[in-house]
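Quick notes on the structure that follows.
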Amino acid sequence: MSGSVVLKGLVKTYPGVVAVDHLSMDIREGEFMTFLGASGSGKTTTLSMIAGLTLPTSGEILLNGQDVTFIPPHKRNIGMVFQNYALFPHMTVYENIAFPLKMHKVSKEEIAKRVTQALHMVQLPQHGDRYPSQLSGGQQQRIALARALSFEPGLILMDEPLGALDKKLRQHMQIEIKHIQEDLGFTTIYVTHDQEEALTMSDRIAVLRDGKLEQLGTPEELYEEPKTLYVADFIGESNIFKADVLEVGEERLKLQLPGGRSFYALRCSETVEGPEVSVAIRPEKFRVLSASETVSEEYNVFEGIIKEVIYFGESSKYSVEIGKDVIIIVKQPNFYPATKVGVGDQLTLSVHWRSCRTYCEGLSL
Ligand code: ADP
Ligand code: MG
């Protein structure tokens, strides 16, 4: 039970707003696809068009190869779990799951079978007689998922379903939903603005920005090879600063920091329109070198003064001034024995040139 989804040039405009702007993508059978984007980027509108609750201004939606653009929601065989798609408080868990099946005129025996099955799927087989108020937030969300699954849909849409839960429970539920999805194999389109959640759960992520597709890829592709400065900044953390272009090589650029030191960086675009480019480096790609240590030519070496130390338990972050007004964040695991460095100390850092990515655009957020 799984379905494929194709979006072709999907557009939704409201007076004065282009909510979704020519969105095209293929979502494969059984895939866990996440729409990730800031608030207002068009995630909910896109989901709502796939569900059939919102009519597109133009474009097409195919489910399993069939054009459903003008097919009403109840004929699309799609399950939905929304953050505000709350359980009915006056109904038991059993009745909650049975309700939409009743509406669809499913027989009593069939309802009993499906509710029992759905409760097993979400590992709450004994909870049918309880009321939602007698369940934890995570259990309620699992019941909402069970209700969506009871239809046996090929496609489940989830819009920020874990938004209301606290961090620990949210992380637990992320893994749990992912396991249920993998076991049952239904296609999932999941909406979140939380990049960690997207990285944890997804087979692929579509980053949306102002209704447009900014980049689509696996979590690793998006994190390791962001195609734009926006993605480099939005997914994970990046140090972003400007540097002058000294030489343009085939694969790498020789750059210079304001105030002096030259270094190499990966050339990310075909055309390099100097005189400067933006550089993005992830905080954990740096390594703190000890006084006697040397590194191969593949590594850039920076020196700087520590401006601030933030202790995070498993790691610490140092802000280090490596050039005039270029302050970067360096993240280091806290080994034992702990590195004894503090504000005002000089640090020597190494970073592979491929971890220094360049972009010709400036960052406008
Ligand atoms: P997201 O879910 O990513 O936060 P939405 O899809 O809800 O974003 O909204 C995308 C844009 O469309 C926003 O600018 C929002 O204000 C606008 N929008 C969404 N729904 C409507 C509507 N019914 N009427 C007018 N504007 C809307
Ligand atoms: Mg939304």
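The values are calculated or read from the model by the stated rules, or taken from the named source; none is laboratory data. The structure displayed is predicted, hence computed values, not measured ones. Please note: Cβ atoms are built from the backbone with ideal geometry, for glycine as well, and neighbour counts cover all protein chains shown. Note: accessible area is taken over every heavy atom of the protein model, side chains too, but ligands, DNA and RNA are not part of it. Shrake-Rupley method; radii C 1.70, N 1.55, O 1.52, S 1.80 Å.
Some observations on this one:
- Selection status of residue 31, more than 14 Å from ligand 2 (Cβ to nearest atom) and either surrounded by 21 or more Cβ atoms within 10 Å (Cβ to Cβ) or touching a residue at least 12 places away in the same chain (Cβ under 8 Å) (or both): yes
Here's the yes/no breakdown for (1) within 30 Å of residue 23 (Cα to Cα); (2) at pLDDT below 90; (3) surrounded by fewer than 20 Cβ atoms within 10 Å (Cβ to Cβ):
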| residue | (1), (2), (3) |
| --- | --- |
| 116 | no, no, yes |
| 123 | no, yes, yes |
| 162 | yes, yes, no |
| 192 | yes, no, no |
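- Condition met for residue 293 (without any contact (Cβ under 8 Å) to a residue 60 or more places away in the chain and not in a strand (DSSP E or B)): yes
- The residue pairs whose first member lies in the range 11-23 and is of a type in the set (Lys, Arg), whose second member is assigned to a strand (DSSP E or B), and whose beta carbons are closer than 8 Å, counting only pairs six or more residues apart or on different chains, are 12/18; 12/19; 12/20.
- The residues in the range 296-328 that are closer than 24 Å to residue 242 by Cβ and touching a residue at least 24 places away in the same chain (Cβ under 8 Å) can be counted, and the count is 20.
- Failed item in (1) under 23 Å from residue 178 (Cβ atoms); (2) more than 16 Å from ligand 2 (Cβ to nearest atom); (3) polar (S, T, N, Q); (4) in a strand (DSSP E or B), with residue 13 passing the rest: (1)
- When residues in the range 53-95 are screened for being of a type in the set (Asp, Glu) and more than 30 Å from residue 125 (Cα to Cα), 2 of them pass.
A quick yes/no check of all residues on (1) open to solvent by 60 Å² or more (accessible area, probe 1.4 Å); (2) among the small types (Gly, Ala, Ser); (3) modelled with pLDDT under 90; (4) farther than 22 Å from residue 248 by Cα:
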position: 297; (1), (2), (3), (4): yes, no, no, no
position: 306; (1), (2), (3), (4): no, no, no, yes
position: 333; (1), (2), (3), (4): yes, no, no, yes
position: 337; (1), (2), (3), (4): yes, no, yes, yes
position: 343; (1), (2), (3), (4): yes, no, no, yes
position: 349; (1), (2), (3), (4): no, no, no, yes
